[in-house]
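Below: the structure, in structure tokens.
The values are calculated or read from the model by the stated rules, or taken from the named source; none is laboratory data. These numbers come from a predicted model, not from an experiment. So basically every Cβ, Gly included, is an ideal-geometry build from the backbone, and we count neighbours across all protein chains shown.
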Amino acid sequence: MFIPGLFGQPHNLKGAPMRLTNSKHQLPEHSFLERAWTYVADRKAAWLFVSPPLAILLVLIIYPTIYLWRLALSRLDMATMREPVFIGLGNFIRLFTDKNFITSLENTFLLSIGVVVLEFLVGLGLALLFFEPLRGVGFLKPLFIIPLMIPPVVVGLNFRLILDRFGPLNGILNALSLPSIDWVGTPTLARMSVMLTDLWQWSPFIFLIVLAALNAIPGQIIDAARVDGASGWKLFRFIIWPMIVPSIVVALTFRFVDALKLFDIIYMLTFGGPGDSTMVVSLYVYRTAFRFGRLGYASAMGIFLLILSSVIVWGVLRILRLERRLGWE
Amino acid sequence: MSIDLLKNRLSKLLRYLLLIAALAYFLFPIYWLVLTSIKFPGDVTANPVIWIPKRVTIDNFRLLFGYKGPVWGTEEYTGRSFYQSVTPYLLNSVTVGVVSSVAGLLLGAALAYGIAKFGVGRGRLYSWILSLRMVHPVVIAIPMFLVFRAFRLIDTWVAVSTAHLLISLPFAALLLVGFFSDVPNELIDAARLEGSTHIGAFFRVALPMVAPGLVAVLIISFLNSWNELLIANALTNSARSQTFPVFTTGFAQVERGTAWGIAAAGGVIGMLPMLISVFYIQRYLVRGLTMGAVIE
């Protein structure tokens, strides 16, 4: 492709020609000076696009993050709302001896792992059902997607209605002449109810990703495997599975990271109860900050979460290998 | 394409049954919510459970929108005045959603163009923006609360929109990087050769080519903002700026059964944006939910 330089060319272009990253075209016919100018002008154009959004992002992120660190090292209560008093690592020391915080962390991980496993099974099953289509079920797909983007608050409300003492779930039990169950009454049942609710909302996510991965497998590969005599379980285990595993890993990682943020459903369904059996870390931090007004202490928890999620993000990026996939690196 | 995994071991009937069971699990809650919203109060927690009501009403919706006249088909019964109208909350939600998603789209598109077509940041920037998605919203809420408090912006739509911009901007940027990468470089070069500026090429060539993506990003950003509870709850404290999810949490404290018809009516309203847009965004949802990491 011919890219004219700025000097000695028939057209006097307003800007410098673009040096497109992905194109392998060099400009060997131009002098060093020309190329240097092109590069600078190009960088200038790039920053024209990138700097306004980046500036806003940085202001919105860096300033609050610095503020968060400062708060984490201070005592600041909403009740008094005096200037933050510097207390060093006091908040962090308190954090690691706070039984409730540790319980909430345990609950968070327990629930997250639980829902990810359940959603994986349901999502994979659904995707396989859709992959070998039955007559006339294709149009049903959007119906399974609806849960994904309705407000989690509404989902929590919805399941509160369903799990109610006089709700439909107990209605079915009664119809089978079984006694009613208080679905959020005991720790185990409350956790199960929360998982059931999250399962409803998010297994379509796994379903969509796995179905997309299945549909992306070239038909020839499956045909070739079948010619070689593979079918059923063997075909799935040795041909299909290795090809969809990367997508599944991505899906599960995203789900896990999101499950750690579980807040709305619990807010509506159990508010952490009974006792602290469904108290998750986001609700605990939220309560500490905005109900009890201990902003300094809550900030220390926030820092802890930030570090925790950074570690997870690092892991995720390692797993996803996004740079390589996008052709950078 | 078929892999015969299920076909060989499960009969057609069994697969249909499984599908029906799955449909029942995923659709029943929606059916129940709609059903509860049109039931009379006495029927909501009736024993035995009423699966198909004999009488229906729209009075739950009227009460939800602040109607105070007679309801439930009686002359003398007056709707209880302590039900706050949902209208201001819906307006707040729409304001916050539109402002944050439009601003996020414009800024995110510029950022995405820089990353996709100029290679700004060489992937590190991309990773950093992706990492923003992983950050816990409560971590954002605390410092934002104090910052906005210092600017006396607590309980305004400005505060909530700005905080939601922190979600919508990275979202739009990451998603659009994928879309812009699909725009052939030759087209942009051609526009440049014809004398167009970088900005001109961006607006006249690149943006129109990713128009479907822009619409999808706008809708999903709006839905994200519409659904978001934690940050909106932390930054607001009155009907002046509280959004719809914050309004809905009010029903969590209500004693069982007393206002559930109205709560369910609220839930139905809350589902509407998704129900309206599901057919359009279903193609983009996987990309959207994984910030472009998975492309369908």
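Yes or no: the stretch A:96-103 includes at least one residue that is touching an Asp or Glu at 6+ places or on another chain (Cβ under 9 Å), part of a helix (DSSP H, G or I) and either small (Gly, Ala, Ser) or closer than 26 Å to residue A:278 by Cα (or both). Checking the stretch A:96-103: at least one residue is touching an Asp or Glu at 6+ places or on another chain (Cβ under 9 Å), part of a helix (DSSP H, G or I) and either small (Gly, Ala, Ser) or closer than 26 Å to residue A:278 by Cα (or both). Restricting the stretch A:210-259 to residues that are within 25 Å of the chain's Cα centre (by Cα) and at the interface with another protein chain (Cβ under 7 Å from one of its Cβ atoms), the residue that is modelled with the lowest pLDDT is A:250.
Checking the condition out of contact with any helix residue (DSSP H, G or I) (no Cβ under 7 Å at 6 or more places or on another chain), touching a residue at least 40 places away in the same chain (Cβ under 8 Å) and assigned to a helix (DSSP H, G or I), which residue from B:215, B:246 passes?
B:215
Determine whether residue A:184 is touching a residue at least 24 places away in the same chain (Cβ under 8 Å) and more than 30 Å from residue B:276 (Cβ to Cβ). So residue A:184 fits the description; yes. When A:32, A:120, A:92 are checked against the criterion of being out of contact with any Ser or Thr (no Cβ under 7 Å at 6 or more places or on another chain), surrounded by fewer than 13 Cβ atoms within 10 Å (Cβ to Cβ), more than 9 Å from chain B (Cβ to nearest Cβ) and not acidic (Asp, Glu), a single residue qualifies: A:32. Taking helices (runs of 4 or more DSSP H) as the structural unit, those lying wholly within the stretch B:113-193 and holding at least 2 residues that are modelled with pLDDT of 85 or more and β-branched (Val, Ile, Thr) correspond to B:137-150, B:157-181. Residues that are at the interface with chain B (Cβ under 8 Å from one of its Cβ atoms) and under 19 Å from residue B:148 (Cβ atoms) within the stretch A:44-85 comprise A:56, A:57, A:60, A:61, A:63, A:64, A:65, A:67, A:68, A:71, listed in sequence order.
All conditions but one from (1) under 30 Å from residue A:246 (Cβ atoms); (2) touching a residue at least 40 places away in the same chain (Cβ under 8 Å); (3) surrounded by fewer than 20 Cβ atoms within 10 Å (Cβ to Cβ) apply to residue A:143; the one that does not is (2).
Filter the stretch A:148-204 down to the residues that are assigned to a helix (DSSP H, G or I) and acidic (Asp, Glu) and list them by number.
A:198
Is it true that residue B:246 is surrounded by 21 or more Cβ atoms within 10 Å (Cβ to Cβ), within 30 Å of residue B:65 (Cα to Cα) and either not assigned by TED's automatic domain parsing to the domain that holds residue B:187 or not polar (S, T, N, Q) (or both)? Give the steps one after another, and end with the answer.
Numbers: surrounded by 21 or more Cβ atoms within 10 Å (Cβ to Cβ): yes; within 30 Å of residue B:65 (Cα to Cα): yes; either not assigned by TED's automatic domain parsing to the domain that holds residue B:187 or not polar (S, T, N, Q) (or both): yes.
So residue B:246 fits the description; yes.
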